[in-house]
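Have a look at the structure below before the remarks.
The values are calculated or read from the model by the stated rules, or taken from the named source; none is laboratory data. Quick caveat, the model's predicted, so the values are computed rather than measured. Surface accessibility is based on the protein's heavy atoms, side chains included, excluding ligands, DNA and RNA. Shrake-Rupley method; radii C 1.70, N 1.55, O 1.52, S 1.80 Å.
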Amino acid sequence: MKNIQILKILAEKDFPAFLAEWKAIKEQLTQKEKQDLIVQILDDQYSDDYFGFYVKVFDKIIEGKVSLDFNIDHWATTLLSLTVHLVSRQLFDYFLRKGASLNFIGDTYAFESEESIQREVGSSLSMRYETCLDFAENKLADALTTDYNYHVPEKEKDITHWADVGSKEEITINKQDYYYLLEQAKYLRDLIHTDRLVDHIKTLGGKTYRQLAQTK
């Protein structure tokens, strides 16, 4: 409840109003509530188009005192995994600089009952725990399999290269086809950038849960 007004202000991208409201309530918030606020902002509002605005907000919320290694009640189980879910490398790197641990191990069943955990995963730790690299690799695998459902044009051989079409030539398509093309473009963008994030995490020294367990 304490975060509702903050979220309304941030939706308007009003940084001075955010600062005033934050100054009034920040001492009343626990670390958990501040962590939840970061997650709410990312899940409900964040866009790379406003990266500069949101990192100023996160700087104020974190202030070097808020741990960025925590479990999230979300498909993405940790903060770094959530940035992978959003397919934002600059956000990923930002939270690393602010203190998030690259190989923090998230518990995918942290918010489930012990009975549910035993029923679904039993003693299989590899099904329960994951790092941001595990999440990124799973997201990429899903994108290449279960998330891919686009059909190939029937007349592929008749497709003209875009550079060979005059800039003033126009065609008309219905709105459904237009949004279908937009959805495909977003899918392709997310696929490519997720693949790049996997490589980026590995380059930085990121490990899977299984790799970390083998080194202990």
**Asked** Among K175, K139, K56, which one moves the most in a GNM of the chain with springs linking Cα atoms closer than 10 Å?
**Response** K175
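D for the stretch 137-178, whole µm²/s, Stokes-Einstein with Kirkwood Rh over alpha-carbon pairs at 10 °C and 1.306 mPa s: what number?
Details: Rh = 13.8 Å.
Here the translational diffusion coefficient equals 115 µm²/s.
Using a probe of 1.4 angstrom, how much of the accessible area of the chain is carbon and sulfur, in percent? Walk me through the numbers before you get to the answer.
Working: 6860 of 13730 Å².
Carbon and sulfur atoms account for 50 percent of the accessible area of the chain.
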**Asked** Which whole number of Å³ per residue matches the convex hull of the alpha-carbon atoms in the chain?
**Response** 202 Å³
**Complete:** A correct Kirkwood calculation over the Cα atoms of the stretch 1-83 returns a hydrodynamic radius in Å of 13.0 Å
**Message:** I want to verify a result. In a Gaussian network model of the chain, Cα cutoff 10 Å, which of these has the top mean-square fluctuation: L191, L181, L29?
**Reply:** L181
**Asked** For the chain, what is the mean residue ellipticity at 222 nm derived from helices alone (per DSSP H run of n ≥ 4: -39500 (n - 2.57); sum divided by total residues; nearest 500 deg cm²/dmol)?
**Response** -17000 deg cm²/dmol
**Fill in**
Among A17, A76, A143, the residue with the largest mean-square fluctuation in a Gaussian network model of the chain built from Cα contacts under 10 Å is A17
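List the relative contact order of the chain as a percent without decimals, with contacts defined as Cα pairs under 8 Å and 6+ residues apart.
On the way: 157 pairs, mean separation 42.1, N = 216.
Value for the chain: 20 percent.
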**Viscosity 0.890 mPa s, 25 °C: Kirkwood-radius Stokes-Einstein D of the stretch 44-103 over Cα pairs, µm²/s** = 207 µm²/s
